[in-house]
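We did not get these values from a lab; they are worked out from the coordinates using the rules stated. Because the structure is a prediction, the values reported are computed rather than measured. Ideal geometry is used to build each Cβ from the backbone, glycine not excepted, and the neighbour counts take in all protein chains shown.
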Amino acid sequence: MGKLISTTLTRALLGLLIIVALGPILWTVLGAFKELRDIVTPVPKLIFEPTLDNFATILRNPTIRDGLLHSVIVVSASVLIGAVLGIPAAHSLARHARRWGDDVQFFVLSLRFMPPVAIAIPFIVIYLDLGIYDTLFGLILVYLITTISTVIWLAVPAFERVPHDIEEAAAMEGCGPAEVFWRFSLPLAAPSLFGALVFTFVLVWNELLLALTLAAQNATLPVVAASITSLGKEVPWGVINAATVLLVLPPLVFIGLLMGLLNSMVRSGPK
Amino acid sequence: MTRKRFVILSLVPAIGLLATLALVSIAGAVWFALMNRTLRSPDYEFVGAYNFLRLLRDHRFFNALEISAIWELVTVTGTLVVAVLLAVLIFETVKKPLWRNLICFAFLVPVLLPRVAAAFIWRFLYSPSLGAINYLLSLVGIGPVEFLADPSLALVSVAIVDIWQWGLFFTVILLKLMETLPRDPVEAAKLDNARTWEIHAYITLPMLKGPLISLALVKAVESLRSFDLIFVMTGGGPGTATETLDLYAYQMGINMGGRISYASAMSILLLIVTTVAFTIIWKAGKKWAN
């Protein structure tokens with residue numbers, strides 16, 4: 001009997017935890033389909049007539065559409081360049097640079113310690129002087145700090161997990177280092193590398209401060225979303241909820257991949 | 001292609017670009033900190049340590065320093081305490097892999113949300129007039145509570161959102177790590193009639209000391225990037241109750257008249273403090289973990 005009560009209690013507790021984790025998001029999704037009069041009620045409404053007006057409003061709004069487009073361009077360009085430059089560098093660090101490789105890796109990691117304001121404030125003046133303030137190119141350039149360093153940081157362990165024997169055998173057969181990298185290490189490490197790229201994508205997709213300071217008209221979606229607290233007189237909660245849903249969707253698509261990345265990192269031993 | 005050429009060709013572009021960008025921003029910040037440059041006028045001159053001396057007499061700067069320190073302390077300890085408690089709870093009570101995976105998926109969702117989105121979600125929940133939390137509180141006769149407008153509650157209310165995102169994420173990591181631990185010491189302790197909490201407090205958690213230190217460091221670095229969350233939720237207010245250093249530097253450098261030089265001086269101090277602090281913690285953590 002006592003056991004029954006305690007299992008029921010733990011089940012209830014676990015259910016509550018799942019509600020705490022997901023409830024706020026589901027509530028926002030519901031809010032995105034509500035008309036304002038269904039949101040501004042003293043008693044929260046679970047049953048209401050759903051409407052697509054909020055999504056129509058944000059998708060018709062040119063500022064939000066531009067923000068979405070800028071986000072897609074800036075994020076894909078910076079992640080792509082980060083991958084092209086970062087992945088070969090990570091392979092060299094993992095395989096060919098034993099003596100000073102650690103110092104380079106520490107430098108790369110230390111870039112993550114840099115407070116973003118310390119990057120944003122000097123760059124705003126430099127960009128104004130160079131005439132690249134408020135351009136997508138400027139945003140891509142600062143995001144490269146994040147993407148290259150994150151790709152290297154996550155790809156080094158991925159290459160270290162590639163079995164030595166395969167690379168050595170390929171080298172014995174007369175493959176040069178570039179060929180070993182391209183034909184053997186890269187395909188073998190590809191699943192983990194893909195996870196690393198997804199993680200990098202999520203980081204830059206979510207970024208606000210640099211985009212807020214270094215762009216005005218050409219800002220990305222988080223900046224636009226952060227600025228729609230007042231369209232008109234009332235706080236447009238339905239529209240805000242719909243914009244939040246739009247912002248949340250791309251990272252959530254990759255949740256399965258993040259789980260896989262976690263599993264492989266834990267299996268290979270903690271950093 | 002020789003090995004040496006491959007190494008140079010692969011490393012130089014990536015590391016060179018990173019080093020250039022990092023150097024430009026640090027050198028730029030030092031240079032502007034010694035001038036009296038603003039965004040309003042293109043003219044500026046050398047003023048030496050003037051900006052740094054003014055910082056030492058700026059009450060708002062010290063307030064921001066204090067808020068940043070409290071923020072670091074609350075979010076790092078809160079995240080780790082939540083993660084350890086929940087990981088142990090799930091490890092002990094949920095044995096079926098399917099259920100464990102479902103819980104892990106649910107717990108990974110919050111950390112994937114953009115900070116801006118998380119901020120809006122919780123501003124909506126915290127709202128005194130239409131928020132779901134205040135509705136639940138009113139059912140038990142409390143409220144309405146002004147979570148974000150009350151200076152004594154605002155910082156904690158924002159910290160809860162941060163812990164919601166990161167505490168649940170770290171729970172998943174800890175749970176996965178606990179699953180990889182060897183079973184023998186735990187079985188031996190069970191034969192000695194050790195209680196469940198004793199097994200975790202004296203056996204499993206000490207075995208995870210290294211990863212726990214790494215996680216604390218990762219969170220400490222991550223907590224420095226609190227700008228997005230605080231900016232959208234409170235904007236540093238009410239008053240300056242949630243104004244961390246990065247918010248104050250942003251307000252000074254961009255919002256209020258663009259005093260670039262003053263904000264640069266602040267970001268240099270921030271850079272020095274974090275670099276020194278993290279190098280010390282990094283080294284101490286490595287020593288302690290061994």
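Helix A:2-32 sits at what angle to the longest principal axis of chain A, using alpha carbons and giving 0 to 90 degrees rounded to 10? Roughly 80 degrees between the two axes.
Screening chain B for DSSP H helices whose Cα atoms reach 18 Å or more along their own axis and whose mean Kyte hydropathy is at least 1.0 gives B:3-33, B:59-93, B:97-112, B:151-180, B:260-289.
For the stretch B:1-157, the relative contact order comes to 8 percent (Cα pairs under 8 Å, sequence separation of at least 6).
For chain A, the relative contact order comes to 30 percent (Cα pairs under 8 Å, sequence separation of at least 6). Within the listed set B:N51, B:N193, B:N255, the residue fluctuating most in the Gaussian network model of chain B (springs between alpha-carbon atoms under 10 angstrom) is B:N193.
For B:L65, neighbours were defined as the other residues whose beta-carbon sits under 13 Å from its Cβ, and their charges (Lys and Arg +1, Asp and Glu -1) total -4. Applying 1/(1 + (r/R0)^6) with R0 = 25 Å to the Cβ-Cβ distance of B:R195 and A:I5 gives a FRET efficiency near 0.85. For the pair the stretch A:83-106 / the stretch B:218-255, the C-alpha centres are spaced 34 Å from each other. Collect residues whose amide H, placed 1.01 Å from N in the peptide plane, falls under 5 Å from the amide H of B:S226; neighbours closer than 5 in sequence don't count. So B:S226 has HN proximity to no qualifying residue. Each eigenvalue of the Cα gyration tensor of the protein assembly as shown, multiplied by 5 and square-rooted, gives one semi-axis; in descending order these are 36, 35, 24 Å. Using only Cα atoms and rounding to the nearest 10 degrees, what angle (0 to 90) does helix A:136-160 make with the longest principal axis of chain A? The answer is roughly 60 degrees.
Kindly put A:D38, B:D162 in sequence by how many other C-beta atoms sit within 10 Å of each C-beta, fewest to most.
Ranking A:D38, B:D162 by Cβ neighbours within 10 Å, fewest first, gives A:D38, B:D162.
Of A:L208, B:L9, the sequence from fewest to most neighbouring Cβ atoms within 10 angstrom is B:L9, A:L208.
3J(HN,Hα) along the stretch A:195-204, derived from phi through the Karplus expression 6.51 cos²θ - 1.76 cosθ + 1.60 where θ = phi - 60°, amounts to x, 5, 5, 4, 4, 4, 4, 4, 4, 7 Hz, with x in place of Gly and Pro. For B:G258, neighbours were defined as the other residues whose beta-carbon sits under 12 Å from its Cβ, and their charges (Lys and Arg +1, Asp and Glu -1) total +3. Here's the list of aspartates and glutamates a cross-link from A:K34 could span, going by alpha-carbon distance under 13 Å and ignoring same-chain residues fewer than 8 apart: A:E49, A:D53. Under 5 Å from the amide H of B:M35 lie the amide H atoms of B:V47, each residue being 5 or more positions distant or on a separate chain, with H modelled from the backbone and absent for Pro and chain starts. With 23 Å as the limit on Cα-Cα distance, the pairs of B:K176/B:K283; B:K4/B:K283; A:K3/B:K96; B:K190/B:K287; B:K176/B:K219 that go past it are B:K176/B:K283; B:K4/B:K283; B:K190/B:K287. As a proxy for reagent exposure, B:S223, A:S6, A:S71 were ordered by neighbouring Cβ count within 10 angstrom, fewest first; the result is A:S6, B:S223, A:S71.
Relative contact order for chain B: 31 percent, from Cα pairs under 8 Å spaced at least 6 residues apart, divided by residue count.
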